[in-house]
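Worksheet for the structure shown next.
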Amino acid sequence: MKKKTLVLGASVKPERYSFKAINRLRDAGLEVVAVGNRKGSVRDVEILTNTKGIEGIHTVTLYLNPLNQEPYKTFIYELAPQRVIFNPGTENPGFETELEEKGIETIEACTLVMLSTGQF
């Protein structure tokens, strides 16, 4: 099964981990949806600035600090992904507990490492 993945906190800046993650996810043949503060694109993935119409997501990988996650909480609950990956610097124990209570798996890990070790 293909794990359609939402990169939340996407950036067009090559030094950003979200940029690297989009590239690695595409290298792995995964469908990627990206949401960020500014429009742009990474390879063939358009960065959206809103969440309208996003559905069918298996995995959300976060590149937003806990404060910047707040506006997306309801969206993520309604999206009901299989899992949410909290990349380094995005850890948010309260939000993680809320997601787990809704039956959504949470993982504190690095998406790039998960992809390189076959754990994604």
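With under 16 Å from TYR17 (Cα atoms) and among the small types (Gly, Ala, Ser) as the only criterion, which of GLY36, GLY56, GLY94 stands out? Steps first, please.
On the way: GLY56 fails: under 16 Å from TYR17 (Cα atoms); GLY94 fails: under 16 Å from TYR17 (Cα atoms).
Step by step, each of GLY36, GLY56, GLY94 is checked, and only GLY36 is under 16 Å from TYR17 (Cα atoms) and among the small types (Gly, Ala, Ser).
Considering only residues that are assigned to a loop (DSSP other than H, G, I, E, B), touching a residue at least 12 places away in the same chain (Cβ under 8 Å) and of a type outside the set (S, T, N, Q), which ones fall in segment 40-55?
Applying the first criterion (assigned to a loop (DSSP other than H, G, I, E, B)) to segment 40-55 yields 43-44, 49-55.
When the remaining residues are screened for being touching a residue at least 12 places away in the same chain (Cβ under 8 Å), the result is 43-44, 49-51, 54-55.
Those that are assigned to a loop (DSSP other than H, G, I, E, B), touching a residue at least 12 places away in the same chain (Cβ under 8 Å) and of a type outside the set (S, T, N, Q): ARG43, ASP44, ILE54, GLU55.
For the structure I just gave you, tell me whether GLY40 is at positive phi and surrounded by 13 or more Cβ atoms within 10 Å (Cβ to Cβ).
Numbers: at positive phi: yes; surrounded by 13 or more Cβ atoms within 10 Å (Cβ to Cβ): yes.
Yes: the conditions hold for GLY40.
Cβ contacts < 7 Å: first residue in contact (Cβ under 8 Å) with a residue 12 or more places away in the chain, restricted to segment 105-120; second residue charged (D, E, K, R) and part of a helix (DSSP H, G or I), any location; separation 6+ or different chain. Result?
Filtered contacts from segment 105-120: THR106/GLU96; THR106/GLU100; LEU112/LYS20; LEU112/ARG24; LEU115/ARG24.
Quick grid of which residues meet (1) within 18 Å of LEU115 (Cα to Cα); (2) outside any helix (DSSP H, G or I):
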{"residue": "LYS3", "(1), (2)": "yes, yes"}
{"residue": "ARG26", "(1), (2)": "yes, no"}
{"residue": "GLY29", "(1), (2)": "yes, yes"}
{"residue": "VAL33", "(1), (2)": "yes, yes"}
{"residue": "ARG38", "(1), (2)": "no, yes"}
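How many residues are more than 16 Å from GLU55 (Cβ to Cβ), more than 12 Å from the chain's Cα centre (by Cα) and not polar (S, T, N, Q) if we restrict to segment 65-107?
Qualifying residue count, segment 65-107: 19.
Show the residue pairs meeting these rules: Cβ distance below 8 Å; 6+ apart or different chains; first residue within segment 21-35 and touching a residue at least 40 places away in the same chain (Cβ under 8 Å); second residue of a type in the set (Ser, Thr, Tyr) and assigned to a helix (DSSP H, G or I).
Close Cβ pairs (under 8 Å, with a partner that is of a type in the set (Ser, Thr, Tyr) and assigned to a helix (DSSP H, G or I)) amount to ALA21/THR111; ARG24/THR111; ARG24/SER116; LEU25/THR111.
Does segment 54-69 include one or more residues that are more than 23 Å from LEU112 (Cα to Cα), among the small types (Gly, Ala, Ser) and out of contact with any Cys (no Cβ under 7 Å at 6 or more places or on another chain)?
no
Just one of the numbered conditions (1) surrounded by fewer than 15 Cβ atoms within 10 Å (Cβ to Cβ); (2) on the phi > 0 side of the Ramachandran plot is not true of THR49; which one?
Among (1) surrounded by fewer than 15 Cβ atoms within 10 Å (Cβ to Cβ); (2) on the phi > 0 side of the Ramachandran plot, the lone unmet condition for THR49 is (2).
Taken together, the values in this text are just the output of simple stated rules run on the coordinates, not laboratory data. Quick caveat, the model's predicted, so the values are computed rather than measured. Heads up, the Cβs are rebuilt from the backbone with ideal geometry, glycines too, and the neighbour counts pull from every protein chain shown.
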